[in-house]
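Input: a single structure, listed below in structure tokens.
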Ligand SMILES: Nc1nc2c(ncn2[C@@H]2O[C@H](COP(=O)(O)OP(=O)(O)OP(=O)(O)O)[C@@H](O)[C@H]2O)c(=O)[nH]1
Ligand SMILES: [Mg+2]
């Protein structure tokens, strides 16, 4: 233990010194060159941030004296970068117009206090807390779009406290105010406390935030994916940013099943080839080594199109027997 | 003369402000800043570490620090407190499940010595999503009215539509300028619109 720490301290020292020399010389070059080259500056910002990150990670085993030295250097580099960014600012991409606060501008009128004061008079349509899509507190149930209220526009979808359920929201209720039979949409997903549950969602424009999942399968497409404090979950994902896990274990990732995407009409940009579902970042394991908390789902463990079909290619609800047949084919194996 | 002294001098001369964007992960911090900067807001990944953006706002230069809010990163927020003029706390207004968490993180930040005196703007973000909590609901859920230690204001906003983003920065800049550039004793609200401002 002692010894391994000593090695790590030495290794970090070497890494840091190398980075230090590199950053300092690039900084000097930028400072000397008049108007700083913005690409070079950006690269420098990124590398300084990376070094800061590595330093933070190493803090656990570095002696206090070393920490202080490293910290001082990083601070001065960050400050130098900041002042360089200021000197490079004279031609900003974006500048605010000076806006003298006028009593009549809607922006200044939109504080909460004004809402509260004006609401009774103007009777502005309040965004009522109940008007969002929510599924909560079920066990041993098949839930689909019919279990949700019909809303007028895109909304937040909240799913919580489900046990031994199959949720199929590939088809959502039709819009309450549309004649053309358009579907409700959701633009954010919040999920918490699901166990032994299969969750099948479409591809949507927004972020997904999930906590406390145990032995679940979830299929969805979204802009951002964050999963916290979960265990034994298979995730089938279409995504354009890095999926995040934190305080998770035994998570497996695969692409969004074609058996599902083929049933979606007018689905927004499903990414098969370019999806980043395997570019997972484990925030509980920010190191160069591979995170032990997730893996790619091996091909032989992928459910077949028929397996998914047990849930999605149907126009009736699922009976208890149907569910018992489908669950083991879609959920991760019991441990 | 040390490096820091030089920086401080520059800071005064150039009327700089340092603004720290914090909030739980998924709140929309990075998206708000990209939107303000006229950048594409699709394909943003959750922030591992931090980003710095520089804006020119009237006669001020704003150095905005956007730090990742995932739970494992929160202990490192304190590395960014030094010399902060304003704190912008961004809230995902649809995240009912974590309002308690959000409240605790905010109130513990307000106890930090190095943030004492910083102006505090709360952005109730994602108002474009139906079913989001309203600004008044968030004010109550976060118990903002108990804050006596900082000038604060809450604004409903959306990083997608851009609603109120500039208005928010206007307030921040005005409040900081009153304090550090025109003497702090006169920072009483002069305008009835800033009824939310609490003077300690
Ligand atoms: N509909 C809607 N979505 C938003 C809004 N602001 C942000 N989002 C989405 O919310 C998700 C999170 O946004 P980010 O900007 O990455 O959040 P962050 O606060 O920087 O998160 P961390 O970096 O993890 O701390 C993204 O999918 C955004 O597209 C908004 O005003 N409306
Ligand atoms: Mg971010």
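The values are calculated or read from the model by the stated rules, or taken from the named source; none is laboratory data. Just so it is clear, the model here is predicted, and its values are computed rather than measured. No Cβ is skipped: glycine too gets one built from the backbone with ideal geometry, and neighbour counts run over all protein chains shown.
Quick notes
- Meets criteria (within 16 Å of ligand 2 (Cβ to nearest atom) and touching a helix residue (DSSP H, G or I) at 6+ places or on another chain (Cβ under 6 Å)) for residue B:90: yes
- Checking every residue in the stretch B:99-114 against the condition of being facing another protein chain (nearest Cβ under 8 Å), modelled with pLDDT of 95 or more and in contact with a strand residue (DSSP E or B) (Cβ under 7 Å, 6 or more places away or on another chain) gives zero matches.
- Taking the criterion of being within 14 Å of the chain's Cα centre (by Cα) and either away from ligand 1 (no atom under 12 Å from the Cβ) or surrounded by fewer than 24 Cβ atoms within 10 Å (Cβ to Cβ) (or both), the residues of the stretch B:12-29 that qualify are B:17, B:18, B:19, B:20, B:24.
- With respect to the conditions (1) buried (at least 20 other Cβ atoms within 10 Å of the Cβ); (2) assigned to a helix (DSSP H, G or I); (3) away from chain A (no Cβ under 14 Å), residue B:179 falls short on a single one, namely (1).
- Just one of (1) farther than 30 Å from residue A:285 by Cβ; (2) within 16 Å of ligand 2 (Cβ to nearest atom) fails for residue B:72. It is (1).
- Some residue of the stretch A:188-195 being surrounded by fewer than 23 Cβ atoms within 10 Å (Cβ to Cβ), assigned by TED's automatic domain parsing to the domain that holds residue A:324 and within 11 Å of ligand 1 (Cβ to nearest atom): no
- Output for the stretch A:67-83, where each listed residue is within 16 Å of residue B:65 (Cα to Cα) and out of contact with any helix residue (DSSP H, G or I) (no Cβ under 7 Å at 6 or more places or on another chain): A:75, A:82
- Screening residue A:210 against (1) modelled with pLDDT under 95; (2) within 14 Å of chain B (Cβ to nearest Cβ) leaves a single unmet condition, (1).
- Residue in the stretch B:31-39 that is closer than 19 Å to residue A:53 by Cβ and facing another protein chain (nearest Cβ under 8 Å) present: no
- Selection within the stretch B:152-169 - part of a helix (DSSP H, G or I) and either more than 7 Å from chain A (Cβ to nearest Cβ) or touching a residue at least 24 places away in the same chain (Cβ under 8 Å) (or both): B:165, B:166, B:168, B:169
Residue-by-condition table, conditions (1) under 18 Å from residue A:159 (Cα atoms); (2) more than 14 Å from chain B (Cβ to nearest Cβ); (3) crowded, with 17+ Cβ neighbours inside 10 Å; (4) in contact with a helix residue (DSSP H, G or I) (Cβ under 7 Å, 6 or more places away or on another chain):
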site	(1), (2), (3), (4)
A:217	yes, yes, yes, yes
A:221	yes, no, yes, no
A:226	yes, no, yes, no
A:232	no, yes, yes, no
A:253	no, yes, yes, no
A:258	no, yes, no, no
A:261	no, yes, yes, no
A:279	no, no, no, no
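- Residue list for the stretch B:52-81, filter: more than 8 Å from ligand 1 (Cβ to nearest atom) and more than 8 Å from chain A (Cβ to nearest Cβ): B:53, B:59, B:60, B:62, B:64, B:65, B:74, B:75, B:77, B:78, B:80, B:81
- Looking across the stretch B:57-69, the residues that are over 21 Å from residue A:43 (Cβ atoms) and either away from ligand 2 (no atom under 13 Å from the Cβ) or without any contact (Cβ under 8 Å) to a residue 12 or more places away in the chain (or both) come down to B:57, B:58, B:59, B:60, B:61, B:62.
- Of the residues examined, residue A:272 is not one that is assigned to a loop (DSSP other than H, G, I, E, B), assigned by TED's automatic domain parsing to the domain that holds residue A:207 and buried (at least 17 other Cβ atoms within 10 Å of the Cβ).
Yes or no, residue by residue, for (1) assigned to a loop (DSSP other than H, G, I, E, B); (2) at pLDDT 80 or above; (3) surrounded by 13 or more Cβ atoms within 10 Å (Cβ to Cβ):
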| position | (1), (2), (3) |
| --- | --- |
| A:8 | no, yes, yes |
| A:12 | no, yes, yes |
| A:35 | yes, no, no |
| A:67 | no, no, yes |
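- Counted residues, the stretch B:30-56 - those being within 20 Å of residue A:84 (Cβ to Cβ) and either within 8 Å of ligand 2 (Cβ to nearest atom) or buried (at least 21 other Cβ atoms within 10 Å of the Cβ) (or both): 4
- Subset of the stretch A:178-207 (residues that are under 17 Å from the mean Cα position of the chain (by Cα), within 22 Å of residue A:327 (Cβ to Cβ) and within 14 Å of chain B (Cβ to nearest Cβ)): A:189, A:191, A:192
- Among residues of the stretch A:242-263 that are assigned by TED's automatic domain parsing to the domain that holds residue A:313, those with a Cβ under 7 angstrom from a residue that is within 16 Å of ligand 1 (Cβ to nearest atom) and part of a helix (DSSP H, G or I), sequence gap 6+ or separate chain, pair up as A:246/B:71; A:246/B:72.
- Failed condition for residue A:157, given (1) modelled with pLDDT of 95 or more; (2) closer than 28 Å to residue B:74 by Cα: (1)
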